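Structure first, commentary second.
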Amino acid sequence: MSNYLDESTRSVLPETNSATTTPAPQGEFECRATGEAFFKLWIVNLCLSIVTLGGYSPWATVRNKQYLFNSTSFAGGQFEYLATPMQILRGRVIAVLLFGGFIALSAVSPGAANVLFLAVVLISPLLMHLSMRFNFATMSYRHVRFQYTGTLGAAFKLFLLYPFLAAMTLFTAFPAVLKAQKEYLLNHIKWGDEKFSAELSFGLFYKAALLNVFGVGVLVAFMIGTMTNEQGFAEAGQVSLFVMLVIYAGMLTLTFLVQAVILRHVFNRIVVGDVSVTTTIAPVNFTFIALTNVLAVACSLGLAYPWAKVRMLKYKLANITTDDPTTLINTAQQQHQAGSAAAGEVADAFDVDLGLSL
């Protein structure tokens, strides 16, 4: 498959010599991407996308992802992104047609637009299922592809039935639904013949939900207290702006904090084959990086996005390790020699990217 990344920005896979007697490779990730290099690639892609009125965006997406994937390695092995622009383009055409159809029907017949919206909601598990199969089939490590082996029936159950039932409980069961979704996904990923597995904790997801509820309660109390305080602000407009900024910052902080708590738990429960994953991601540090990234992107009118993207990626990868990955490396060598193509066939059969993920 052709590579759409410029030669000047391609990463070079470190050479290894199996004949030398060296210690077992450490199960550590390495990210060689830099904000400067990614910015140069990203800004050119952005300009071309604008000039072509979005027509170049699939090519831009592939080039950006290839740079980040090719700049990431694990135990000396290279990651690759194998999707083609035409596959991305087909998925976006479908998304534009659905969205455009909804807008057009809303102007002509609101009732018909509501029917279309309901239809999209009902088939959303199918779209999610196809998107997950595509996304994993277009990723590889040491030339061995990943696979998503979930079923369509499970997708409808996890992404349509369970959320509906959770709504009937006033969303008190939503943490259990989120846990079930993530656990099912992790237990239906394969890298070659090596299966991912994870047993997540109901308690952790409910603790994260309680943290979220407590944080929202604090923000609501702050809003009520500030709006009823007659001292310190001369005009209602000033009060409203101040409250809006604090509430927005508070919600962002809470969102990133809960995300970090769940992310840390999920990574620490993943096992690939017989290799366990460990993370030292600190929720406070993760939240600080995420918040300062948002601030930098906002103050730069979006130009700091490449720097923020690389910064967060480097932090995550620097805090994820595994135990001895020798078995994984041996598996990769055996499967690459055998020429496993199952995931490639899946990518060709479901060759659309709808931009959906869990």
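Is one or more of the residues making up region 295-306 on the phi > 0 side of the Ramachandran plot, assigned to a loop (DSSP other than H, G, I, E, B) and surrounded by fewer than 15 Cβ atoms within 10 Å (Cβ to Cβ)? It would help to see each step written out before you state the result.
Taking region 295-306 and keeping what is on the phi > 0 side of the Ramachandran plot, we get 301-302.
Checking which are assigned to a loop (DSSP other than H, G, I, E, B) leaves us with 301-302.
Those still in the list that are surrounded by fewer than 15 Cβ atoms within 10 Å (Cβ to Cβ) too: 301-302.
Yes, the conditions are met somewhere in region 295-306.
Of the conditions (1) within 19 Å of the chain's Cα centre (by Cα); (2) under 25 Å from Lys316 (Cβ atoms), Ala75 satisfies every one except a single condition; which number is it?
Of the numbered conditions (1) within 19 Å of the chain's Cα centre (by Cα); (2) under 25 Å from Lys316 (Cβ atoms), the odd one out for Ala75 is (1).
Need pairs with beta-carbon distance below 9 Å; first residue closer than 11 Å to Gly35 by Cα and touching a residue at least 40 places away in the same chain (Cβ under 8 Å) and within region 290-312, second in a loop (DSSP other than H, G, I, E, B) and basic (Lys, Arg); sequence gap 6+ or separate chains.
Final answer for the pair search is none.
Keeping to region 158-180, report how many residues are of a type outside the set (A, V, I, L, M, F, W, C) and loosely packed, with under 15 Cβ neighbours inside 10 Å. Outline the logic, then answer.
Pass one, region 158-180, residues of a type outside the set (A, V, I, L, M, F, W, C): 162-163, 169, 172, 175, 179.
Narrowing further to those that are loosely packed, with under 15 Cβ neighbours inside 10 Å: 169, 172.
Residues flagged as of a type outside the set (A, V, I, L, M, F, W, C) and loosely packed, with under 15 Cβ neighbours inside 10 Å within region 158-180 amount to 2.
If you go through region 220-235 one residue at a time, do you hit one that is part of a helix (DSSP H, G or I), under 28 Å from the mean Cα position of the chain (by Cα), within 28 Å of Phe174 (Cβ to Cβ) and at pLDDT 75 or above? Reasoning before the result, please.
Within region 220-235, the first condition is being part of a helix (DSSP H, G or I), and the residues that meet it are 220-227.
So of that shortlist, the ones also under 28 Å from the mean Cα position of the chain (by Cα) come out as none.
Among the residues of region 220-235, not one is part of a helix (DSSP H, G or I), under 28 Å from the mean Cα position of the chain (by Cα), within 28 Å of Phe174 (Cβ to Cβ) and at pLDDT 75 or above, which makes the answer no.
Filter region 31-44 for residues that are surrounded by fewer than 17 Cβ atoms within 10 Å (Cβ to Cβ) and not in a helix (DSSP H, G or I) and give the result.
Arg32, Thr34
Specify the residue that is modelled with the highest pLDDT; the eligible residues are those in region 77-89 that are in contact with an Asp or Glu (Cβ under 7 Å, 6 or more places away or on another chain) and either under 30 Å from Asp324 (Cα atoms) or not polar (S, T, N, Q) (or both). Explain how you work it out, then say what you get.
So in region 77-89, the residues in contact with an Asp or Glu (Cβ under 7 Å, 6 or more places away or on another chain) come out as 83, 87-88.
Pick out the ones that are also either under 30 Å from Asp324 (Cα atoms) or not polar (S, T, N, Q) (or both) and you get 83, 88.
Working: Ala83: 93, Ile88: 90.
Among those that are in contact with an Asp or Glu (Cβ under 7 Å, 6 or more places away or on another chain) and either under 30 Å from Asp324 (Cα atoms) or not polar (S, T, N, Q) (or both), it is Ala83.
Kindly provide the set of residues from region 256-275 that are outside any helix (DSSP H, G or I) and crowded, with 16+ Cβ neighbours inside 10 Å, ordered by number.
Just the residues of region 256-275 that are outside any helix (DSSP H, G or I), to begin with: 269-275.
Result: Arg269, Ile270, Val271, Val272, Gly273, Val275.
Taking Ile189 as meeting all but one of (1) in contact (Cβ under 8 Å) with a residue 60 or more places away in the chain; (2) of a type in the set (A, V, I, L, M, F, W, C); (3) touching a strand residue (DSSP E or B) at 6+ places or on another chain (Cβ under 6 Å), write down the number of the exception.
So Ile189 meets the others, but not (1).
Considering Leu328, Leu354, Leu301, Leu263, which residue is at pLDDT 80 or above, out of contact with any Pro (no Cβ under 9 Å at 6 or more places or on another chain) and either of a type outside the set (S, T, N, Q) or over 30 Å from Leu127 (Cβ atoms) (or both)? Explain how you work it out, then say what you get.
Working: Leu328 fails: at pLDDT 80 or above; Leu354 fails: at pLDDT 80 or above; Leu263 fails: out of contact with any Pro (no Cβ under 9 Å at 6 or more places or on another chain).
Result of the check over Leu328, Leu354, Leu301, Leu263: Leu301.
Take Phe146 and decide whether it is in a strand (DSSP E or B), under 17 Å from the mean Cα position of the chain (by Cα), hydrophobic (A, V, I, L, M, F, W, C) and on the phi < 0 side of the Ramachandran plot.
Spelling it out, Phe146 is indeed in a strand (DSSP E or B), under 17 Å from the mean Cα position of the chain (by Cα), hydrophobic (A, V, I, L, M, F, W, C) and on the phi < 0 side of the Ramachandran plot.
Could you please give the count of residues in region 72-96 that are in a helix (DSSP H, G or I) and charged (D, E, K, R)? Lay out the reasoning, then the answer.
The initial filter retains those residues of region 72-96 that are in a helix (DSSP H, G or I), namely 85-96.
Then drop every residue that is not charged (D, E, K, R), which leaves 90, 92.
Summing the residues that are in a helix (DSSP H, G or I) and charged (D, E, K, R) in region 72-96 gives 2.
Look through region 45-71, keep the residues that are of a type outside the set (Val, Ile, Thr) and not in a helix (DSSP H, G or I), and return whichever of them is farthest from Ala83 (Cα to Cα). Outline the logic, then answer.
First, the residues of region 45-71 that are of a type outside the set (Val, Ile, Thr): 45-49, 53-60, 63-71.
Filter once more, so that each one left must be not in a helix (DSSP H, G or I): 53-56, 71.
Values: Leu53: 22, Gly54: 18, Gly55: 17, Tyr56: 15, Ser71: 16 Å.
So, considering only residues that are of a type outside the set (Val, Ile, Thr) and not in a helix (DSSP H, G or I), the one farthest from Ala83 (Cα to Cα) is Leu53.
Could you figure out which of (1) crowded, with 19+ Cβ neighbours inside 10 Å; (2) on the phi > 0 side of the Ramachandran plot isn't true of Gly91?
Every listed condition holds for Gly91 apart from (2).
For Glu183, which of the numbered conditions (1) modelled with pLDDT of 95 or more; (2) surrounded by fewer than 18 Cβ atoms within 10 Å (Cβ to Cβ); (3) not basic (Lys, Arg) fails to hold?
With (1) modelled with pLDDT of 95 or more; (2) surrounded by fewer than 18 Cβ atoms within 10 Å (Cβ to Cβ); (3) not basic (Lys, Arg) applied to Glu183, the lone miss is (2).
Within region 149-186, work out how many residues are without any contact (Cβ under 8 Å) to a residue 24 or more places away in the chain and among the small types (Gly, Ala, Ser).
Of the residues in that region, 5 qualify.
The values are calculated or read from the model by the stated rules, or taken from the named source; none is laboratory data. Remember, it's a predicted structure, so these values are computed and weren't measured experimentally. Neighbour counts run over all protein chains shown; Cβ positions are idealised from the backbone, glycine included.
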